[in-house]
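The values are calculated or read from the model by the stated rules, or taken from the named source; none is laboratory data. Just so it is clear, the structure is predicted and the values come from calculations on it, not from any experiment. FYI the Cβ positions are ideal-geometry reconstructions off the backbone, even for glycines, and counts take in every protein chain you see.
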Amino acid sequence: MADASTLAALSDDPVAAALDELRRHPSVAGRIVHEARLEARPARHAPWPAALHPRLVEALRARGMEHAYSHQAEAVERALAGRDVVVVTPTASGKSLCYTLPVLDAWLRDPEARALWLFPTKALAQDQLSALGEIAAHLPPGLRAATFDGDTPPGVRRAVRQAGHIVVTNQEMLHTGVLPHHTGWVRLFQQLRYVVIDELHSYRGVFGSHLANVLRRLRRLCHFYGSDPVVIACSATIANPRQLSERLLERPVDCIDESGAPRAERRLWFWNPPLVDGAMGVRRSATLEARRLTTELLRRNLQTLVFTRSRGSVEVLLTYLQRLHPPPAPGRPGPVRGYRSGYLPLERRAIEAGLRDGSVRAVVSTNALELGIDVGRLDAAVLVGYPGSVASTWQQLGRAGRRDTASLGVLIATDSPLDQFLVRHPEYLLESPPESGLIDPDNLLVLGGHVQAAAFELAFDEGERFGRADVGALLDCLAEDGLVHRSAGRYLWSADAFPAEAISLRSACAGNVVIIDTSTTPDGPGQGPHGQWAGSSGGRPGSHGRVVGEVDQFAAPVLVHDDAVYIHQGAQYHVERLDWEEKRAYVHPVTVDHHTVAETRMSIGVLEIDGGPEGAGCRRCHGEVRITRLAAIYKKVRFLTHETIGAGPIVLPEQDLHTSAAWWAFDPAALAGLDRAVVETGLLGLAAALHHAACLLCMCDPRDLGRHAELRGAALPPSAPAAPVPPLAPAAVGEPVEMVAGWRPAAERREGLAGGWPTVYLYDGVPGGVGFAEHLFGAHRDLLRAAGELVDGCGCQAGCPSCVGPPSASVDARSSTRTLIAIAARGKAVIDEGDDGLGEAPSPLGASASRA
Amino acid sequence: MSAPTAERAAAVAQLRERIARLGGAAGSTAPRPRPRHDPDAVATRRAESARRGGFEPHPEGDGVAWVRRVSIDLGPFLERAGAPGPATAGQLIRLALGDPGPHTPRWDASAAAVLDLETLGLRGSGVLAFLAGVGIPRGDRLEVDQVLLVDPADERAALLALLGRLAGHRVLVTYNGRSFDVPALRSRLVVNRLDGAVLESGLHCDVLAPVRRLFRDRLGACTLGRAERDLLGFVRHGEVPGSEAPARYQAWLRGAGYEVLEGVVIHNQLDLCGTMVLAARLAAHLEGDMVSPVHPADRYRLAVHLARTGIADSVDEHLRATVDGRRGPWDRHAAHALAARLRRRGGVAEAEAVEILAGLWRSRPGDLRAARALAVSLERLRRHPEALAVAERALELCSRLEGWRLAAARGAPTGGWVADWERRRRRLRGRIAAGQSPPPGPAPGAGVVDPAPLLAN
């Protein structure tokens, strides 16, 4: 239903004209490597579902909403019919109505009905609550909706427990504040009709695995109190919303992914800053490019939102822009503002309002503005660097897009491999979303903690399942430890402990190292009103420091060893001391021109093969592995030039990580004829390229996934779980050639490729894993294709940090990587004309080579 | 209950090995030495040792509740504590709720039931109450029933036994039961699908509340142990501290002998007795037989408590005694409270209040709260020139005080001190100019305040 007025407005669209003009501007034209236009799309309307309460339809009409968008009508109809629903539509397509309406409908029909809304952040919860108030204003009085989170005062908490119709909370509060105290929430649990989970895509990896278990506990309690709530989830666009939500909920879910919301024309520019150093692949700073572009946009009076990747760079870019667009008077708010965590709530509300009423012309923000906080619709969104996932990219780009005028989204690439890959392959963003949200609710470490919490909440019956998980052995184990008491076919919690508190939803193992800022600067980087304080529990007498963050035990020796320069959200900290026993790292902020890179020795032992081996020439598997790592020394590396300016020893115990991995082992026969140096460099390059591509496919942060390449790797196929990993004497490390951080240790060289097969591993950074390895094993073809395109598309000569790492003295890193990719794809090194080896089954030649 | 089969044991062992490989499960406690006893044998041993401690099995619902019954003569304790006798139901109500007035129910002492729980843990719905004591006063004796969870699976039976013992008693007496014992018990009732109406139907006298109101200055942390020691002169013997109770019960659950649990059972019994004796002593305290030695704060706190609970008889007397005792800071608190009461009565009483307030302000010019009350009273008594003098002096003082001191001055009116005083001064000047002041001559309470000494300094 393209209404004529929209089209007419588009034909003489001032924004489109301004963008056309800007596109031709000399300082812009050369930098845009690709421009995509998403055509305008008219609204698809549908009548409000007949089952919806008439008062509610009246209220909607009173607010000017005569019809629903098609996705809203469908979602509401299914939810009212008692189906679990996940709505996957773009930013600002009216998703919140999809869950608000069924909840209000239930309340209108039964004032005792209750609903639980889960939002990943407190700010979002507040924002949604005020949006709810606007509709509720047209309804009979009496609706009580309230947030219940860490900021809720005790007096209000009591009232919310007793009488809140809609309880808006977050997963942490549900986990420690509601479920373990369920007898105080009897009314909520008895009358719970709807559970709303917004921003579903943010629950992935360990965090999602925890949420799945929190939901298992919630369901168990609902069952006890006799309710069976319908779940309505909303998600940004990801590849597998249905799979993710079904894994989270362990029930069939209806997936609604056709948006009926209208959209004006949108343009996407892929912006690559010019090369400064062609050989090394160093490009002009993305921040400076953003300054130039934003200035041009402001000059054309286009309201702009700039997303940067760290809080530090928000302030840098803001400083640049405010110099060019100063406030009307000193001390008065100007047209360009910053927005990040650490700003006071009132300040943030003022900026949001300024964006809506147009008085603020540009905002530089971290991803704090990415989630659905209402700032109205803007003319342009500029992303300084790829935000880390395609879903986030679309969320941020979606901030621009008015109903009747064109809008612009720009992705400015940095030097990083992923950024460079994306500007060269815009189809990854523009075509079907390649990312999947992966979780593993049955990760033993995650599950184990939640089974304790669940046993605390309600006794388990023998044979009772926890969601889909069989937890009999786990409960027997807890009974042996004296945490639960088993008798008469039941497991009763019988320990003097509050188990939910011991589980951190953000990590799998309990032993995270807490990073504490010992300086007392009141407004150090990232200081926020909701900042946590270590307080008197600090390990050092009299040390009252702010908690900067946490790193898991496995990463700590590499990131926060003594004398390390730790970078957190763009701010540098010097590590004074790592207290390994207390699991605390004491740091203070510094500004230095270098960072530190730890060199580790690592070995991987395969414990169990869960899938594979498949393929010929190169055999791929996935399964359980043990990674043993010892951080030995660190280097001080100067920024930009990457020269080493110092080094020191690290004295810390060896680390074991038991996790899942996918690996590619090359049959020496298939490598026959290749120079040893080529193989070695190629393995490194392949590990790097696969790692970059895997981060795209798994929607994960590069730190969540580790990589490792070994010249003498897995001897395949192992007949039984591998022999124990040898002790880590330097000579027995098995010639590791590449570590996580992308450096090369001075490992001793041996001639020939005796021992195991040359192998590249990608492993899950979380103990026990959350499913990346299995996914990568299954998505082998996509992975290799993306890795191949990454290598092919790089503008460097023989390898650079943006693709496969720097070339060695004698070997072209790109071509040797390409050779190994070809072998991995089709079992032979020769690439036939027009065949990238990924379209067809392995050739007979490859198969015979591997049998040889 | 069957012993785990070999298959089951193997599954557990395998799981343990996996958890160990992963580096230990989140939230799990460190592995502890596990007794490898047959659970059935352990259960039998527990039953035997419970019997040895005096617990007897009683069928209750579908299960068994183990109850220990003892009768304790509170007479010697009451005498030692200086209480004339056990608290009557009326006294308990007075203690908890204030003066019931003419509607004092004529219940005898056995309308009360005292409750105390020993639990595993302190918060959350999963906290198991493994030992619950209920005491019913009969004359000078306390008939105590203690219900022990010999097997946690029998929790429902134990709760039923407990509810049966509380039913019909219309005053529930506890120490800190309002925030701990009753909610904890309610949680367990919900989890076991039992009706908790018994807990809600009667009156609840939580003795902690009056102890805290009356004696917080001398006790600090108002634990039952400290109240017994400092108010009753008791020292406990033969028990274990409450904090050890969970670990002892867990040890007993896993096969340790009764001697491990005995101290906990005695602790629970003493809690019941201590609570009842304390209630009796507090009842006497409210009636004027104060706990000796009398602390300087006691009279003031008693007066406040009596005034708040609507028992007005001796409030003024206690306040005057505190003022006369000249022990800070309570003498000033009491003077303020007394002046406020007198002002409410008006007339001659208000004139006395003016005297007290003037004294308060004179001795501490920074006490703007006293000055404000003084000015208001003077104005009400139509002694406008004196009131104006107070306002002018107060404004002068405000101008000399540093900002933070002024902000910290207690009792600030909305809008701040300066604005308040200026408004008052304007109004008083207007009234004086309009001739609203009475002609010079004796006015009620006239001549009490001489502005001159106020303005000196």
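Points worth noting:
- Exactly one residue out of A:ALA73, A:ALA59, A:ALA81, A:ALA17 is in contact with a helix residue (DSSP H, G or I) (Cβ under 7 Å, 6 or more places away or on another chain) and of a type in the set (Gly, Ala, Ser): that is A:ALA59.
- Condition check for B:GLY53 on (1) surrounded by fewer than 21 Cβ atoms within 10 Å (Cβ to Cβ); (2) over 27 Å from B:VAL264 (Cβ atoms); (3) in contact (Cβ under 8 Å) with a residue 60 or more places away in the chain: one failure, at (2).
- Tally of residues being in a loop (DSSP other than H, G, I, E, B) and in contact with a Lys or Arg (Cβ under 7 Å, 6 or more places away or on another chain) across the range B:394-412: 2
- Residue ranges of strands (runs of 3 or more DSSP E) in the range A:576-670 with at least 1 members more than 30 Å from A:GLY778 (Cα to Cα): A:584-589, A:594-614, A:618-638, A:644-649
- Residue match in the range A:196-204 (condition: out of contact with any His (no Cβ under 8 Å at 6 or more places or on another chain), within 25 Å of A:ALA502 (Cβ to Cβ) and assigned to a helix (DSSP H, G or I)): yes
- Pairing residues of the range B:400-429 that are exposed (fewer than 11 other Cβ atoms within 10 Å of the Cβ) with residues that are assigned to a loop (DSSP other than H, G, I, E, B), at Cβ distances under 9 Å and at least 6 apart in sequence or on separate chains, gives B:ARG410/B:ASP367.
- Any hit, the range A:467-485, residues being of a type in the set (Gly, Ala, Ser), more than 8 Å from chain B (Cβ to nearest Cβ) and touching a Phe, Trp or Tyr at 6+ places or on another chain (Cβ under 7 Å): yes
- Residue within the range A:766-774 that is among the aromatic types (Phe, Trp, Tyr), modelled with pLDDT of 50 or more and within 30 Å of A:GLU431 (Cβ to Cβ) present: yes
- If the condition is being within 14 Å of chain A (Cβ to nearest Cβ) and either within 11 Å of the chain's Cα centre (by Cα) or in contact (Cβ under 8 Å) with a residue 40 or more places away in the chain (or both), then the range B:183-214 contributes B:ALA184, B:LEU185, B:SER187, B:ARG188, B:VAL190, B:VAL191.
- On the stretch given as the range B:123-160, residues that are among the hydrophobic types (A, V, I, L, M, F, W, C) and farther than 19 Å from A:HIS485 by Cβ total 5.
- Residues in the range B:121-172 that are closer than 25 Å to A:ALA495 by Cβ and either more than 14 Å from chain A (Cβ to nearest Cβ) or not in a helix (DSSP H, G or I) (or both): 22 in all.
- Within the range A:487-505, being more than 7 Å from chain B (Cβ to nearest Cβ), touching a helix residue (DSSP H, G or I) at 6+ places or on another chain (Cβ under 7 Å) and within 17 Å of A:GLU462 (Cα to Cα) holds for one residue alone: A:TYR491.
- Note on the range B:177-210: residues that are of a type in the set (A, V, I, L, M), in a helix (DSSP H, G or I) and closer than 18 Å to B:LEU270 by Cα total 1.
- Residue count for the range B:220-257, restricted to those that are outside any loop (DSSP other than H, G, I, E, B), within 18 Å of B:ALA283 (Cα to Cα) and hydrophobic (A, V, I, L, M, F, W, C): 4
- Flag if B:PHE180 is buried (at least 16 other Cβ atoms within 10 Å of the Cβ), aromatic (Phe, Trp, Tyr) and within 30 Å of B:GLY61 (Cβ to Cβ): yes
- The range B:250-267, residues that are under 21 Å from B:VAL70 (Cα atoms) and surrounded by 23 or more Cβ atoms within 10 Å (Cβ to Cβ): B:LEU261, B:VAL264, B:VAL265, B:HIS267
- Test: residue in the range B:64-85 that is facing chain A (nearest Cβ under 10 Å), under 16 Å from B:VAL150 (Cβ atoms) and modelled with pLDDT of 80 or more: no
- Of the residues B:ALA303, B:ALA370, B:ALA412, the single one that is under 28 Å from B:LEU286 (Cβ atoms) and small (Gly, Ala, Ser) is B:ALA303.
- Of all residues assigned to the range A:238-246, none qualifies as being among the β-branched types (Val, Ile, Thr) and either more than 24 Å from the chain's Cα centre (by Cα) or surrounded by fewer than 18 Cβ atoms within 10 Å (Cβ to Cβ) (or both).
- Residues in the range A:429-460 that are at pLDDT 75 or above and more than 19 Å from A:ARG216 (Cα to Cα) were compared, and the one that is farthest from the other protein chains (Cβ to nearest Cβ) is A:LEU430.
- Being within 14 Å of chain A (Cβ to nearest Cβ) and at positive phi holds for only one residue in B:GLY288, B:GLY255, and it is B:GLY255.
- Here A:HIS182 clears all of (1) of a type outside the set (A, V, I, L, M, F, W, C); (2) within 14 Å of another protein chain (Cβ to nearest Cβ); (3) surrounded by 22 or more Cβ atoms within 10 Å (Cβ to Cβ); (4) within 21 Å of A:LEU108 (Cα to Cα) except the condition numbered (4).
- Scoring B:ASP217 on the criteria (1) modelled with pLDDT of 90 or more; (2) under 19 Å from the mean Cα position of the chain (by Cα) leaves a single failure, condition (1).
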